Amino acid sequence: VELLDEALGLWRGEALSDVVSGEVAQRLRGGMNEERWTALEDRADAQLRLGRGRQVLAELTELVAAHPLRQRFVGQLMLALHREGRTDDALEAFRALRDRLGTELGLDPSPELRRLEAAILAADPALEPLAAVTKPEPIRPAQLPHDVRGFAGRASELERLDEATRHA
């Protein structure tokens with residue numbers, strides 16, 4: 001997350017705006033913008049894996065508003081909303097994308113996004129963030145209890161045990 005934050009922090013305005021103009025700039029800019037969006041998606045994925053959905057929720061909402069057909073952003077927003085207890089909003093984000101894809105492009109959402117919708121509907125526990133890293137229990141050797149001092153009154157039982165072990 002820190003490395004992606006650092007890389008994204010270097011982005012300033014529109015790429016190549018003062019270097020190249022025209023069609024060449026347009027083509028180069030498209031690839032650069034795609035790389036930036038992928039970095040934003042990777043950063044959001046990392047934050048969601050770390051359980052930081054609340055911190056990226058506003059950013060994801062803005063990214064989906066700016067890029068409403070970008071399915072990975074929508075999936076990340078759905079997951080963040082669901083984890084914040086806003087399952088209805090998560091499902092509404094899916095429905096809005098599905099309708100937009102169908103109307104504008106004649107497409108269905110990706111299989112990954114449809115699986116995410118099904119998992120949200122089923123309240124799949126696998127959607128919860130990884131448990132916080134906890135300190136593991138110390139390893140304790142298996143030991144017999146210490147000798148009991150002053151053990152008395154069991155002479156006949158001890159004699160039966162000794163007899164049983166002699167015959168075994």
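Testing the spin-label approximation: label points 7 Å from Cα along Cα→Cβ at R54 and A118. State their distance in nm.
Placing both labels 7 Å beyond Cα along the Cβ direction yields 3.2 nm.
Taking amide H atoms as placed 1.01 Å from N in the peptide plane, list the residues 5 or more away in sequence, or in a different chain, whose amide H sits under 5 Å from that of L50.
none
So, in nm, how far is label E128 from label R95 when the simple model puts each one 7 Å beyond its Cα toward the Cβ?
Modelled inter-label distance: 2.7 nm.
Using a cut-off of under 12 Å, list every residue of the range 88-104 whose amide N is near the label point 7 Å from the Cα of L69 along the Cα-to-beta-carbon line.
Counting backbone N atoms under 12 Å from the label point, the list is 100-104.
Show me, for the range 102-110, the HN-Hα J-couplings you get by feeding each phi into the Karplus relation (A = 6.51, B = -1.76, C = 1.60, θ = phi - 60°), rounded to Hz, glycine and proline as x.
Once rounded to whole Hz, the list reads x, 6, 7, 10, x, 10, 9, x, 4.
All of the numbers you see were taken from the coordinates with simple rules; none came from a lab. All of these numbers come straight from a predicted model, not from anything done at the bench. A quick note on method: Cβ atoms are made from the backbone with ideal geometry, for glycine too, and the neighbour counts reach across all protein chains shown.
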